[in-house]
Amino acid sequence: MSNAIALYARETPGFADRVSHAAALLRSAAEQHPGRIVLASSLGAEDMVLTDLIAREGLDIALATLQTGKLHAQTLALVQRAEKHYKLAIELHEPRAESVVHFVQRHGDDAMYRSVELRKACCAMRKLEPLERLLAGRSAWVTGLRREQSGARAEVPFSDADDHGREKLSPLADWTWNDVWHYIATRKVPYNALHDEFMPSIGCEPCTRAIAVGEDFRSGRWWWEQDDAKECGLHVSSPAGSVTALSRKANPNTQEASA
Ligand code: SF4
């Protein structure tokens, strides 16, 4: 059977160094931000690698994810599997119930397909506003961004500052997709079963599809849109596209996350 490990796991030169470097970055960040650092996990393959590194090193880095209300059953099942495997709790941050009811009543459950603006409004309500609460009171966060993931991420640094001055770490910035899966295979890391169904990048159920051989890895996300629109805003830092700016559009009463 051809699964994601068989398809992608390869050891390439420098792998051990990249693992050591990522672990060192996490250790250093945990020491610099005691009790105030969180992995904002999408539960994707990269974030499961980071979860494993954090657990193995016993680091004081919280684990959290956005339960948008639109996740696949396989993704929700992974939360429970990972908690059991690592004996660690994963925080779930949900959109505000009244915002969801209001949005669905006004625009319908399939609004994301009708325009980029409505899709971004859905992401703002279900992802960006809960992300602000996830990050509230924290001075640093960890992401699974890699330079290889897309043109928009080609310059991702290992460490950066977000719009609120929090440190934003991407310890896997220089990892390849082969690295990610070699790590998962050799450390027996739990991963989303959807990766075995040709979904390398997994988001909400209505907005993720399997990709074909030769397609870009993120082409299964919001596949009906043009490439330049295909970010949900979680990792956009321009004034118009920042977490705060976009979530304010979704909910004018949103409070700024504290740094
Ligand atoms: S990915 Fe799709 S369902 Fe999820 S928040 Fe964005 S538009 Fe809504």
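A few notes on this one:
- Inter-residue pairs, beta-carbon under 7 Å, first within 14 Å of Val180 (Cβ to Cβ) and in the range 12-29, second part of a helix (DSSP H, G or I) and modelled with pLDDT of 95 or more, 6+ apart: Thr12/Asn178; Thr12/Asp179; Phe15/Asp179; Phe15/His182; Arg18/Asp179; Val19/Tyr183; Ala22/Leu53
- In the set (1) assigned to a loop (DSSP other than H, G, I, E, B); (2) modelled with pLDDT under 95, Ser219 fails one condition alone, (1).
- Members of the range 71-103 found to be surrounded by fewer than 15 Cβ atoms within 10 Å (Cβ to Cβ) and β-branched (Val, Ile, Thr), listed by number: Val101
- Number of positions in the range 183-205 that are out of contact with any helix residue (DSSP H, G or I) (no Cβ under 6 Å at 6 or more places or on another chain), farther than 15 Å from Leu43 by Cα and of a type outside the set (Phe, Trp, Tyr): 3
- Filtering Arg133, Arg138, Arg106 for residues that are basic (Lys, Arg), more than 21 Å from Ser201 (Cβ to Cβ) and not in a helix (DSSP H, G or I) leaves a single hit, Arg138.
- A count restricted to the range 180-216 and to residues that are part of a helix (DSSP H, G or I) and within 16 Å of the ligand (Cβ to nearest atom) stands at 4.
- Check on Ala82, farther than 17 Å from Thr208 by Cα and either modelled with pLDDT of 95 or more or not polar (S, T, N, Q) (or both): yes
The values are calculated or read from the model by the stated rules, or taken from the named source; none is laboratory data. This one's a predicted model, so the numbers in the text were calculated from it and none came from an experiment. Positions of Cβ are generated from backbone atoms using ideal geometry, with glycine treated the same way; all protein chains shown enter the neighbour counts.
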